[in-house]
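Please read the structure below before turning to the comments.
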Amino acid sequence: MRRRDATDVASTPDVPCTGPSVCGMARASRPPSISLGARCAPTLDEQDERMSMDGSPWLSIPLADYEGHMDAIGQSGALRRLFAEVYAAVKPERLAVLGCTTGADFGDVDPAVTQLALGVDINARYIAAAERRAIKLGLNAQFICDDALCVDLSHAPFDLVHAALLIEYLDPAALFRQVRRWLCGGGVFSVVSQEPSVGVDAVSATKFDSLQLLAGHMTLRPAVEIERIGIQEGFALKSRRSLEVSRGKMFMHSRFEVAGAAPPDLLQTTQ
Ligand SMILES: C[S@@+](CC[C@H](N)C(=O)[O-])C[C@H]1O[C@@H](n2cnc3c(N)ncnc32)[C@H](O)[C@@H]1O
């Protein structure tokens with residue numbers, strides 16, 4: 001069986017490069033994280049087997065559907081704006097974006113500021129698209145196909161770890177524990193979450209029906225609940241900002257540092 005590399009991704013089904021989202025359980029049987037641009041280790045048979053083991057709906061959402069859906073609901077601009085703000089505030093020498101999808105945030109990365117830019121996503125096809133985008137932009141970014149809760153980031157420490165609309169699909173406490181290991185002193189964990197709201201669909205309806213797969217798999221938590229979990233896991237909340245996006249949705253942007261790293265800023269809530 002031929003091994004698959006990044007150039008094969010566009011012609012194969014969406015596949016995880018690694019095992020189930022519940023880490024620890026199957027860690028011993030999982031291959032190492034796969035850095036695209038290098039070889040993608042699992043065979044197609046192994047990938048098929050893992051796809052059936054992994055319950056992530058993201059592996060069943062074609063890239064074109066995701067991009068079409070985001071264009072239709074007009075939320076990409078809000079996500080880019082929130083990333084650009086935290087990037088400009090932190091000016092990270094070392095940056096990690098978790099759940100990076102096709103790497104749209106990397107367009108804001110300034111190579112004069114950031115020496116290491118790294119993206120992680122569970123979907124190999126998204127990661128391959130992110131890599132193509134970075135090459136086009138002439139960016140020296142690295143991409144890893146893996147589960148954010150399992151990935152072993154030997155590139156740490158980071159000045160900024162950004163995760164936008166990812167926490168809805170993960171165990172938040174496990175994510176905070178993972179990120180805590182990766183941040184440098186004074187480093188920032190930037191979390192964008194979708195605020196639950198009565199009468200507002202968790203997943204907006206568009207003609208891209210595959211996105212509705214997410215509805216049964218996502219957990220919307222109020223930002224205050226996410227912040228409470230972060231504080232329990234040893235973080236201090238530095239700021240919170242809300243941004244109203246289309247169709248009545250509200251994104252919350254909470255910035256954390258490891259507790260005790262620096263005196264807290266005033267909490268700010270901006271529309
Ligand atoms: C709503 S999209 C994120 C949007 C993106 N951060 C942005 O700003 O445009 C969620 C992304 O998280 C990825 N994802 C979901 N579960 C994951 C996990 N356990 N580990 C890594 N990536 C995951 C999905 O494949 C998808 O690309």
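Please list, ordered by first then second residue, the pairs with beta carbon atoms under 8 Å, 6 or more apart or interchain, first in the range 135-156 and farther than 22 Å from L170 by Cβ, second in a strand (DSSP E or B) and among the small types (G, A, S). Short answer, once both residue conditions are applied: L139/A117; N140/A117; A141/A117; A141/G119. Restricting attention to the range 67-80 and to residues that are under 20 Å from V200 (Cβ atoms) and not small (G, A, S), the residue that is surrounded by the fewest Cβ atoms within 10 Å (Cβ to Cβ) turns out to be D71. Of all residues in the range 159-178, those being within 16 Å of the ligand (Cβ to nearest atom) and under 16 Å from F83 (Cβ atoms) number 8.
Considering only residues in the range 148-158 that are near the ligand (Cβ under 10 Å from one of its atoms) and surrounded by fewer than 24 Cβ atoms within 10 Å (Cβ to Cβ), the one that is farthest from T219 (Cα to Cα) turns out to be V151.
Bear in mind these aren't lab numbers, they're just calculated from the coordinates by the rules spelled out. Bear in mind that the values here come from a model prediction, so they are computed numbers and not experimental data. As a convention, Cβ positions derive from the backbone with ideal geometry for all residues, glycine included, and neighbour counts pool all protein chains shown.
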